[in-house]
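Here's the structure we're looking at; comments come further down.
Bear in mind that the values in this text are calculations on the coordinates, not laboratory data. It should be emphasised that the depicted structure is a prediction, and the values quoted were computed from it without experimental measurement. Note that each Cβ is placed from the backbone with ideal geometry, even for glycine, and that neighbours are counted across all protein chains shown.
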Amino acid sequence: MPYVNLQITKGATREQKAQLVKEFTDSLVRVLGKKPEHTHIVIQEIEEADWGYAGMLTDDWKKSQK
């Protein structure tokens with residue numbers, strides 16, 4: 001039973017999340033021969049202020065790129 005825990009910063013639409021679930025599931029079916037009905041995908045959305053990148057909080061890093 002595959003279990004995928006996908007962590008992303010907040011902001012994805014429902015449609016984008018549905019596409020991610022479909023494509024991750026399709027990949028597990030194609031590459032590993034897993035059954036879709038046994039595949040679990042969990043999407044955790046994390047606030048940018050709770051995610052660090054390049055030594056900075058992601059929201060601060062994005063501001064520094066402007």
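What is the calculated FRET efficiency for M1 to E47, with r their C-beta to C-beta distance and R₀ = 35 Å, to the nearest 0.05?
The calculated FRET efficiency here is 0.70.
Need one number: % antiparallel among DSSP beta bridges in the chain, to the nearest 5.
Among the beta bridges of the chain, antiparallel pairing accounts for roughly 20 percent.
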Review point. Between V4, W61, V31, whose Cα lies farthest towards the positive end of the dipole of the chain when Lys and Arg beta carbons carry +1 and Asp and Glu beta carbons carry -1, centred on the Cα centre?
Key: V31
Point to revise | Point-charge dipole on Cβ atoms (K/R +1, D/E -1) for the chain, about Cα centre, debye to 20 | key: 240 debye
Revision key, fill the gap. Any aspartates and glutamates whose Cα falls less than 12 Å from that of K63, other than same-chain ones fewer than 8 residues away, would be E48
Study note, to complete from the structure: For the pair K66 and E23, the simple spin-label estimate (label points 7 Å beyond Cα toward Cβ) gives in nm 2.8 nm
Point to revise | Local electrostatic count at P2 - Lys and Arg +1, Asp and Glu -1, tallied over other residues with Cβ under 13 Å | key: +1
Check your understanding: In degrees, nearest 10, range 0 to 90: what is the angle between the Cα axis of helix 14-32 and the longest Cα principal axis of the chain?
Key -> 50 degrees
Practice item. Take the chain, compute every pairwise Cα distance, and split them into 5 Å bins from 0; I just need the percent in each bin. Key: 4, 16, 21, 17, 14, 12, 9, 6, 2
